[in-house]
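The values are calculated or read from the model by the stated rules, or taken from the named source; none is laboratory data. Just so it is clear, the structure is predicted and the values come from calculations on it, not from any experiment. Here Cβ is always computed from backbone atoms with ideal geometry, including for glycine, and neighbour counts include all displayed protein chains. In case anyone asks, the SASA skips ligands and DNA or RNA and just uses the protein heavy atoms, side chains included. Shrake-Rupley method; radii C 1.70, N 1.55, O 1.52, S 1.80 Å.
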There are 2 protein chains.
Amino acid sequence: MKQKPLAPFRFAVPPPSAVSLADPVLAPRVEANRAATIPACLEFCEKTHRLDAFDLKWKKGDKWFPHIFWDSDVAKVAEGMARELARRPDPALAAKLDSLARRIVAAQQPDGYLNTHFTLVEPEKRFSNLHDWHELYCAGHLIEAAVAHAEATGGSFFLDAARRYADLIARTFGRKPGQKRGYPGHEEIELALCRLAWATDEKKYLDLAAYFVNERGREPNYFVKKEGWQSWRLRYLQAHEPPREQREAVGHAVRWAYLCCGMADVADRTGDAGLLEACRAMWENCTQRRMLVTGGIGTSVDATEAIEGDWKLPNLTAYAESCASIGLALFSRRMHEITGEGRYVDVVERALYNGIPSGISLSGDRFFYQNPLAAGPDSIHDRERQSWFSCSCCPTNFARFWPQAAQLCWAWRPDEVRLCIPAASEFELESGMKIVVSGRYPYDGAIKIRFEGAFRTARFPGMLGVTKPSKIPPRPFALSLRIPDWCGRFSLAVNGKRLAAKPEDGFVSVRRAWKPGDEVALDLAMPVRVLRAHANVGADAGRLALQRGPLVYALESVDNGPGLHRLSIPAKQDFKLVRAKGLPRGTLAIAGEALETTRPGAALYSTAAPRTRRRRFVAIPYALWQNRGPAEMQVWTREAP
Amino acid sequence: MKQKPLAPFRFAVPPPSAVSLADPVLAPRVEANRAATIPACLEFCEKTHRLDAFDLKWKKGDKWFPHIFWDSDVAKVAEGMARELARRPDPALAAKLDSLARRIVAAQQPDGYLNTHFTLVEPEKRFSNLHDWHELYCAGHLIEAAVAHAEATGGSFFLDAARRYADLIARTFGRKPGQKRGYPGHEEIELALCRLAWATDEKKYLDLAAYFVNERGREPNYFVKKEGWQSWRLRYLQAHEPPREQREAVGHAVRWAYLCCGMADVADRTGDAGLLEACRAMWENCTQRRMLVTGGIGTSVDATEAIEGDWKLPNLTAYAESCASIGLALFSRRMHEITGEGRYVDVVERALYNGIPSGISLSGDRFFYQNPLAAGPDSIHDRERQSWFSCSCCPTNFARFWPQAAQLCWAWRPDEVRLCIPAASEFELESGMKIVVSGRYPYDGAIKIRFEGAFRTARFPGMLGVTKPSKIPPRPFALSLRIPDWCGRFSLAVNGKRLAAKPEDGFVSVRRAWKPGDEVALDLAMPVRVLRAHANVGADAGRLALQRGPLVYALESVDNGPGLHRLSIPAKQDFKLVRAKGLPRGTLAIAGEALETTRPGAALYSTAAPRTRRRRFVAIPYALWQNRGPAEMQVWTREAP
């Protein structure tokens, strides 16, 4: 992939209050997050003593015990609350967030340290086991929460606490005499420090992020020399070589994705082309050789939660942690912001509509930790979503992810507004103009974009995490519409007049002096697509998957009865769109003809010839499986002759 | 399955010295065991300090540490040496065995206790953690070794030591006041005590075996109440209910198989029809719902080494421990001895020619611990055999298994001799007559059985582990030939005269006054059979496996190139038998036509139509894979239309 110059390709995501959703798929998820996920996470954080830990009253012998990763769960809920509050005012939520943030900050030590486990349980072990103990990972999430809190409330007490903690970390780690030359075993703080740098305009936090990225994996290896970690396990932590030299997506998938986010942020802010090239190469490797069709990554069944080699994409045993898909989306979004290339949004979209939402029930309060592509009696992962986990990173990650959904649909720079994902939504520009997208995407490819006059003046206060724009969008400016990778045919019309436009880097652009009343019609052809995997993917050999628009479909036993493995589907047929029973109104299922093959007889193995009969099948969007009770599920079905 | 009366169906296995092999498959394995496996196991036991442990000189701080299961490895090598010695005299081996046995016995404590870990490391924890610590399992293997030693050498010092240890165990465990009401977490001692009872004619050891079998799983549960084990984990140890009430094959596969051996032994010796019925039911469940086509059991990828539910028969991730197949064969052999039903031998044969030998290289010194049915870049198990394991039960199990191979081929009672597995072999009867089987089984179904006059008088000294026969085989007596489950058509001729015989319970019998010079010709039709799995087996849906005679075949990349998943095989074709390259002379491969399907293009997922071309495939016996270097392998191949 040829590298393009950085500068002209920088895009910003809109501030949370400037965008909103009105589509049939994402908007209900965002609402369920507000109404169910955040309250449920808060409740479990309370029940499990995760909140109590911050009161620092724990004593040896107590029935509960502040675990090394607990702080991160609380921080992610706080971040989710702040992001939700930033979307729209909610005094009750604001009060809850304020009290939570104060409870967190109260646990800060005089020197700035803020970690309940190491304050309460093992104070003497502070920063002594970076490879395994999640200390800097927790710090990263605290910083992210504090930045989101400041953005949402304008208050600074949480952000100030985060700065004091970051200052302590900056004093502790680095290349100066007396400093530890360590870095986190579970990445996250790198991207958090970049956010902190942009929120505070303090370069030192960016420098610390860059230090963590650049020191990582250098020889002599810190984890091996200072902490006795085995060399062969460094790949699991992406610490086997400096990240800028890495070209493969390897190791614990969430760590890898968070590292890549931090690398992209540092590369972008420091103009580090070498680092960006590593990001590109790893993203390529991940998405072209190691990613499930749902945007799930980290498929390994033996190396926990990890990405392993090329083409290792099992279905039944795929791990595909919910957090890893979220991480991949956040990384891919950054790569679009930096490069402007639509293919990064293709992956954001794949995860956003498939591998991410599969991890959470429509009700918002039940979760999958793993997201395999098949489930049945042979399953090794949960077959029903759970309300909480002892290691509960996924639920709290949803809490902070969904409020960002509308922001993922748009990008902008002073002379261009980009509709990345054409879900029904609004984007209120600083100029006062509002761009309103309507339609039933992702179920329908007919998209209307209307320019409306606005009554309030929207402002771009400088979205944290992106460059502060120096100008408001001028007239004329370009409206760019993404043509997804799955779309083979589209048409575009402006005010009723058809335009012949050729996508460039995945977008078609129309530049003009847009005025209220202008209307753009984008029609993305959305046939049922029959996908096959690369010839090297063993698990999917002889199998097909159905995708329509951005949605990957799956057979579920609720519609088809048990024994999905007996079905095969002919690729050449007229698939029908039908109403999906028991799922939200408007959900489209795919129906068609399948063959059901059964070997008669009770013998476990026999030479009896299989019998085949024709029957109907129904497939629903993968993300929606197990919303109608326990079920078998299958994404890749055998292709019938 | 209707239960038949016990008495008329009791068969004995011949003594080791009365039988020998001359076939192309088993005989070389037995020889490799003598020449390579036993020496290699001894060497590793020495290298890893397993032998040193018996000298009781270990001290805290030493670099090595006597592990809780080490004694069992040493005992199994000793048993293997004794069984090998019992087959034929070998003064050098006898001397080595004598010295090894004396070294073991020297570690016995004054009260009879004999376990290096608990003598050296944690003497205060003796018999305190039965569910996890393998103490009684090690005792069982010591007893088995001692009995085999006595059988082979006629000497009693090792057997006496085993009796003293068994006496201590009998004093410790039981239902009397002051005794522990425990039983082993890893079964093995039950079957060993039965062997000890038969070797010593002491009923008390049979009583202790019966106690262990009958006390197991009773309420209040010993492991839960006395050792704090979790109730939900009892199934893993077959301790969730009394074995006689169990009807499913569940939990750790080796433990299950060893328990069943002990149950069958106790049932047989005590006439306990209820216990035998449980054996039958569990065997049914195991072999008709939970057994790989190779005779592998314990397929679970998440519950370590365990059998889980019905139809859970994955290929790539199948665990199928070598020891578990050995255990299943030993259990099935007992069931034939008790019931006389040929279907039990069908399973012995399936394991003997497939799932067992796959665990060991032809050279005899490399081992698989797991025996999956597919291997490739996606593998989660070893793809190359190893010379040893830290938990090295499998290599040492081979050492004691192979010397029994010839005994597995035959069974007898005073009025009948049974050829269970028609490998080329000899059975020298007590009468002085010798039955000589010739042919190239399992590669050829043409089998000649010749009665010859013998020059020495063979004796049946009362094979340990079987009833002592009271009579020598009289004239006339029946010669019974097994007609395997895989054989649809056979012919039988005696002295050139064709006989129309109908198999009963899997055997055809010819009763007459056999005399030297008589010749029987058995012809088992041996076409290539195309197998499909039961319609409930998800992993094998749309797939076929090839079997010829008792041999299950597999594709290996050595013959077919990499990417075996791209191949599919039409079931209806004329398969050819060809010489297998790089494998022992006489090994027959199956060749035929396959389709190779490749989806063109570099994209991970695309709508590009797959391309198919016709090509040749070659399949070799599954047991022989990875004897020609690292390779991909596949037993179940997609069935082409």
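Proximity of backbone amide H atoms, modeled 1.01 Å from N, is registered between A:LEU313 and A:GLY538, A:ALA539 at under 5 Å, excluding neighbours fewer than 5 places apart on the same chain.
Residue ranking by accessible heavy-atom surface, 1.4 Å probe, largest first, among A:ASP73, B:ASP98 comes out as B:ASP98, A:ASP73.
The listed residues A:SER387, A:SER231, A:SER392 rank as A:SER231, A:SER387, A:SER392 when sorted by accessible area, largest first, using a 1.4 Å probe.
Convex hull volume of the Cα atoms of the range A:528-639, normalised per residue: 124 Å³.
For the range A:528-639, DSSP calls about 95 percent of its internal beta bridges antiparallel. Size estimate for chain B follows the Kirkwood approach: the inverse of mean 1/r over distinct Cα pairs works out to 25.3 Å. Per residue, the Cα convex hull of the range A:135-279 amounts to 100 Å³.
A:HIS117 sits with roughly 10 Å² accessible to a 1.4 Å probe, with DNA, RNA and ligands left out of the calculation. Summed over the residues of chain B and divided among them, the accessible surface reaches 35 Å² per residue at a probe radius of 1.4 Å. The residues of the range A:600-614 occluded by other protein chains by 10 Å² or more of accessible area, set against the chain on its own, are A:GLY601, A:ALA602, A:ALA603, A:LEU604, A:TYR605, A:SER606, A:THR607, A:PRO610; surface from heavy atoms, 1.4 Å probe. Where does the charge balance sit around A:ARG50 when Lys and Arg score +1, Asp and Glu -1, over other residues with C-beta under 12 Å from its C-beta? Net of charged neighbours comes to -3.
The Cβ shell under 11 Å around A:GLU227 holds other residues with a net charge of +2, Lys and Arg each +1, Asp and Glu each -1.
Annotation: average projected area of the range A:246-371 is 7.2 square nanometres, based on the convex hull of Cα atoms across all directions.
Largest first, the extents of the alpha carbon coordinates of the protein assembly as shown on the three principal axes equal 112, 66, 50 Å.
Using a probe of 1.4 Å on the protein chains alone, the accessible area found for A:ILE447 is around 0 Å². Given a Förster distance of 25 Å, report the FRET efficiency between B:LYS502 and B:GLU452 from their Cβ-Cβ distance, rounded to the nearest 0.05. Efficiency, rounded to the nearest 0.05: 0.30.
Projecting the alpha carbon convex hull of the range A:9-64 along each direction and taking the average yields 7.4 nm². Take each residue in A:525-537, count the other chain C-beta atoms within 10 Å of its C-beta, and the mean is 5. Take the accessible area of B alone and of A alone, subtract that of the pair with a 1.4 Å probe, and the total buried over both chains is about 3700 Å². Along the range A:360-369 the Karplus relation, 6.51 cos²θ - 1.76 cosθ + 1.60 evaluated at θ = phi - 60°, assigns HN-Hα couplings of 9, 6, 4, 6, x, 10, 10, 9, 9, 7 Hz to successive residues, with x for each Gly and Pro.
Seen from A:ASN495, the other residues with C-beta closer than 12 Å to its C-beta sum to a net charge of +4, counting Lys and Arg as +1 and Asp and Glu as -1. Coupling constants for the range B:430-435 follow from the phi torsions by the Karplus curve (6.51 cos²θ - 1.76 cosθ + 1.60, θ = phi - 60°), and in residue order they are 4, 5, x, 7, 10, 9 Hz; glycine and proline get x.
Interface residues of the range A:378-395, defined as a loss of at least 20 Å² in heavy-atom accessible area between the chain alone and the complex of all protein chains with a 1.4 Å probe, are A:ASP378, A:ILE380. Counted over the range A:48-215 with a bin width of 10 Å, the fraction of Cα pairs per bin, in whole percents, is 11, 41, 35, 12, 1. When DSSP beta bridges are restricted to pairs lying wholly in chain B, around 90% turn out antiparallel. Take every DSSP beta bridge whose two residues both sit in the protein assembly as shown; close to 90 percent of them are antiparallel.
Computed with a 1.4 Å probe over protein heavy atoms only, the accessible area of B:TRP636 comes to about 10 Å². A 1.4 Å probe over all protein chains sorts B:PHE389, B:PHE127 by accessible area into B:PHE389, B:PHE127, starting with the largest. Heavy-atom surface analysis with a 1.4 Å probe gives the protein assembly as shown a carbon and sulfur content of 51 percent of its accessible area. Filter B:LYS180/B:LYS225; A:LYS59/B:LYS226; A:LYS226/B:LYS59 down to the pairs with a C-alpha to C-alpha distance above 19 Å, please. Over 19 Å Cα-Cα: A:LYS59/B:LYS226; A:LYS226/B:LYS59. When all alpha carbon pairs of the range B:500-590 are counted in 5 Å bins from zero, the resulting P(r) reads 2, 9, 14, 17, 16, 11, 11, 8, 6, 4, 2, 0 %. Taken residue by residue and averaged, Cβ atoms of other chains lying within 10 Å of the Cβ of A:183-189 number 0. The Stokes-Einstein estimate for the range A:1-95, based on a Kirkwood radius over Cα pairs and taken at 10 °C with 1.306 mPa s viscosity, is a diffusion coefficient of 96 µm²/s.
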